[in-house]
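Nothing in this text is a laboratory measurement; each read-out follows from the coordinates by a stated rule. Since the model is a prediction, treat every value here as computed from it, not as a measurement. Note that we place each Cβ from the backbone using ideal geometry, even for glycine, and neighbour counts take in every protein chain shown.
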Amino acid sequence: NFKVSKKNYVDQSRRLIVKAGRTVEATFYMVKSPEVIAKERKAKEVDLIIKQAVFFYNNDSLLQAKSKFEEVLRLDPENKDAQSYLGATNRKIAEKIGVYRTNALVATDRKDYQTAIDNWEKVLTLDPTNERAKAEIAVLKNRLKKQPTKRPKRPVQKATKEEIEALYKKGVRLFGQKRYKEALKVFNSVLRLNPNHTGAKRYRTRTRARLKASGG
């Protein structure tokens, strides 16, 4: 009986009949033990997950990174790389939460409630159980409802060159009809639309002089 043993492999035994004076060669095919196979499979899985986690960490996808590092530690609680990276990830998350919280408080002071809500929601994205963020969002949404809505300003429509000239000619007609007060209003309107209109400037000066002379 022959028995072959090798570390991490299943022992192999074989019964051989050997005649005197004969040389016999025997080949033993060694198979890794189930425990070793399971350990190697686990090590490969851990290595793959760590690579994924580090990729997420380097790309600032912190929640995905945290989830992956925690998964590694469930498989291998003593994994030093995962422990170190998880600590760094949690610190980064805490820093981001601090920035978003500060932004939210500053926006609240400015009464920019929507921006404040947006920043508190970012806090909740990183920390879904953050009770302060939930409470602040509820308060701010209530304030936002009570805040008067700003009416959008109507866009100022610019008059065309033809429209300005038509208005100018109207002023000239009024001047010719000695309706100086009306003419002055028209020339002022022309100059608001086109401050460089020389004709309106000249007629406005003449109109003011006529009004002054007539005591109007």
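Just a few scattered comments:
- Simple Cβ-charge dipole of region 161-214, Lys/Arg +1 and Asp/Glu -1, about Cα centre, in debye nearest 20: 340 debye
- Among the listed values (1) 1, 6, 9, 7, 6, 5, 5, 4, 5, 5, 5, 5, 5, 5, 4, 4, 3, 3, 2, 2, 1, 1, 1, 1, 1, 1, 1, 1, 0, 0, 0; (2) 1, 7, 14, 16, 15, 13, 10, 8, 6, 4, 3, 1, 0, 0, 0, 0, 0; (3) 1, 7, 15, 18, 19, 16, 12, 7, 3, 1, 0, the one computed from these coordinates for P(r) over Cα pairs in 5 Å bins from 0, in percent is (1).
- Seen against the Cα atoms of the chain and their longest principal axis, helix 34-58 is set at about 20 degrees.
- For region 39-105, the list of GluC sites (Glu not before Pro) that fall in a loop by DSSP and count at most 15 other C-beta atoms within 10 angstrom reads GLU78.
- One decimal place: the segment LYS146-GLN177 gains 5.6 nm when fully extended, by the rule 0.36 nm per residue minus the C-alpha distance.
- For region 73-152, applying the loop criterion from DSSP together with a ceiling of 16 other beta carbons within 10 Å to the trypsin sites (Lys or Arg not before Pro) yields ARG110, LYS111, LYS150.
- Of all segments of the chain bounded by chymotrypsin sites (Phe, Trp or Tyr not before Pro) found in a DSSP loop with no more than 16 other C-beta atoms within 10 Å, the longest spans 30-216.
- Dividing the convex hull volume of the alpha-carbon atoms in region 35-146 by its residue count gives 98 Å³ per residue.
- From least to most packed, judged by other beta carbons within 10 angstrom and beginning with the fewest, SER13, SER189 follow the order SER13, SER189.
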